[in-house]
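Peer 1: Got a structure here, written out as structure tokens. Questions coming.
The values are calculated or read from the model by the stated rules, or taken from the named source; none is laboratory data. Keep in mind it's a predicted model, so treat the numbers as computed, not measured. Here the Cβ positions follow ideal geometry from the backbone for every residue, glycine too, while neighbour counts run over all protein chains shown. Accessible surface is based on the protein model in full, side chains and every heavy atom, while ligands, DNA and RNA are left aside. Shrake-Rupley method; radii C 1.70, N 1.55, O 1.52, S 1.80 Å.
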Amino acid sequence: MKLNYSFIFAFPLMMIMLLDPMFLELLSGNDEARLGSMLSVLVKLNAGIAFLYSLYRFQSMSSFMRFVFVLVTLYVFGMVFESYYKYSSFFIYPHVFLRLLLFYFVFFTYTFYKNNDYLRLSHIINFILIGFVLNVVLIHPDALSLSSFTNHERGVNATTMYMLVIPFLYFASQYLFVGGLYNMIMSFVVVLAIIFFQHRTVWVCMVGILVVYVYLVKFKADKPVNFGKLLPIAMVVAILGIVSSAFLFSIHPEIITKLQENFSDIENASEQGTGGWRYNQFLSYLPFIKENFIMGMRFEGFELPIQFYRDDLDAPVFEDGNGHHFHSFYVDVLFYVGFVGMLMFMMMYFYSIVKGFTRRLLNEKQIVLLAFITSGLVYGISYILPYFFYAFLGLAIAYLEQDMSQYSFLPDFGRRRKERIRKLRLERISIKQAATSY
């Protein structure tokens, strides 16, 4: 029996995905102290490996990615010398350094998968789903109850639910491009899980991702897709949804109330719910961001006393001496490493977006990755971008830089036209040769 070793190529991506709480909780037994120490060690280890491997593969990068890599590295080494000059330590406050070191996750997956199409997304999808099921069953079994839903006890981390968007895109693409009842059912199962665990930011991201995904499939897919086959399924799902919802809501009317509250929080994000909490945190740190807009506060930011206070207790939300923990990627990066740090990330991010949307054709894998990473702008408003996002961003850049003409299975109409012209020329040459010999 011939073994398929393609799963080996999923290991570098899985190495970064393991940093998500979904997997770390399984390893730590949901012990917060152990989980925190494990995360600290693994993040530093992975960041070190990512930097060294990216440096080793520097020549394989495109000129633009080399330029960004050099900029990030110069900023990191500048902080190293600043750390030694002020604190006699080359690596004081790793919490601050990680704001930049996480960018090397992009370069790591980018250089590993560049011109390397051996990765099968099915391995990654199975890895995510197995980890999710084990986490819910073993660590958060109470999160599956109806009372958890109505009491907004989500249990599962927001980054985990955000990661679950990738399996949804995969199964939806498999159904559209290949077909199969299993793919259709799994796409709906994943959507229901995302809805049930009530992370409203992920809901908003899902809507945006679907809009982008439909556009890419409609206008950029390398093979035609018949959206008409979704209509019967949509009608059946709508009918079943209405019937089952009417039955369920009649028994548990509190579900309707809870959904109304969730959508109300989305509509009034700056005034109520967790959105209001994030907005107030942003206002607390806005003066410091303005004063240090270009380069950020860096180490001084870590030492700054907590500025965000609870109104009910008139006490800091977080303990001093552990850095500041923001619920927004933009606030976090601007506060610590400033506009320069944000610019370096945005250069890579928009490079991938422009690269994807300016291509004439995209294959299924590229569409899934491009649709997913477009949601980073929205997700970053409410949460810190998870570690795996950087990895998938690097993977997307690697695939979007690929020369599509090397794949014979793609319907490259330009290549077909050249092939027909070549055959016609050969036929003309053979006719001339025959006439000459005659």
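Peer 1: Using the heavy atoms of the protein chains and a 1.4 angstrom probe, tell me the accessible area per residue for the range 172-222 in square angstrom.
Peer 2: Accessible surface, normalised per residue, equals 44 Å².
Peer 1: Beyond a 28 Å Cα-Cα separation, which of these cross-linked pairs lie in this structure: Lys44/Lys86; Lys86/Lys114; Lys218/Lys355?
Peer 2: Lys86/Lys114
Peer 1: Could you compute the net charge surrounding Ser173? Neighbours are other residues with a C-beta less than 9 Å from the C-beta of Ser173; K and R count +1, D and E count -1.
Peer 2: Counting the neighbours of Ser173, the net charge comes to 0.
Peer 1: Highest mean first, what order results for 324-337, 170-183 on Cβ atoms within 10 Å?
Peer 2: Output ranking for 324-337, 170-183: 324-337, 170-183.
Peer 1: To continue, here is another question. Once phi is turned into ³J(HN,Hα) by the Karplus curve 6.51 cos²θ - 1.76 cosθ + 1.60 with θ = phi - 60°, what whole-Hz value does each residue of the range 40-50 show in order, with x for glycine and proline?
Peer 2: Per-residue couplings from phi come out as 4, 5, 5, 5, 5, 5, 5, 5, x, 5, 4 Hz.
Peer 1: Calculated FRET efficiency, Asn226 and Lys86, Cβ-Cβ r, R0 60 Å, to nearest 0.05?
Peer 2: For Asn226 and Lys86, the calculated efficiency is 0.45.
Peer 1: Shifting gears a bit: Quickly rank 390-400, 33-43 as a protection proxy: mean count of other C-beta atoms within 10 Å, highest first.
Peer 2: Ranking the peptides 390-400, 33-43 by packing returns 390-400, 33-43.
Peer 1: Taking amide H positions as placed 1.01 Å from N in the peptide plane, with prolines and chain starts having none, which residues 5 or more places from Tyr383, or on another chain, fall under 5 Å of its amide H?
Peer 2: Distant-sequence amide H within range of Tyr383: Phe329.
Peer 1: Once the Cβ-Cβ distance between Val211 and Met347 is put in as r, and R0 is 25 Å, what FRET efficiency do you end up with, to the nearest 0.05?
Peer 2: In this case the efficiency is close to 0.50.
Peer 1: Please give the per residue accessible area of the range 25-168, computed with a probe of 1.4 Å over protein heavy atoms only, in Å².
Peer 2: About 46 Å² of surface per residue is accessible.
Peer 1: Further, regarding this structure: Around Ala221, which amide H atoms from residues at least 5 apart in sequence, or from another chain, sit under 5 Å from its own amide H, with H modelled in the peptide plane?
Peer 2: So Ala221 has HN proximity to Leu362.
Peer 1: Quantify how much of the Cα-Cα distance distribution of the range 1-131 extends past 27 Å, in percent.
Peer 2: 31
Peer 1: Just subtract the alpha-carbon distance of Phe196 and Phe67 from 0.36 nm times their residue separation and send over the number in nm, one decimal.
Peer 2: 42.1 nm
Peer 1: Over its Cα atoms, what ratio of radius of gyration to 2.2 N^0.38 Å does the range 77-216 give?
Peer 2: In units of the globular-protein estimate, the range 77-216 measures up at 1.38.
Peer 1: Per residue, how much space in cubic angstrom lies within the convex hull of the C-alpha atoms of the range 168-224?
Peer 2: Cα convex hull per residue, to the nearest whole number: 61 Å³.
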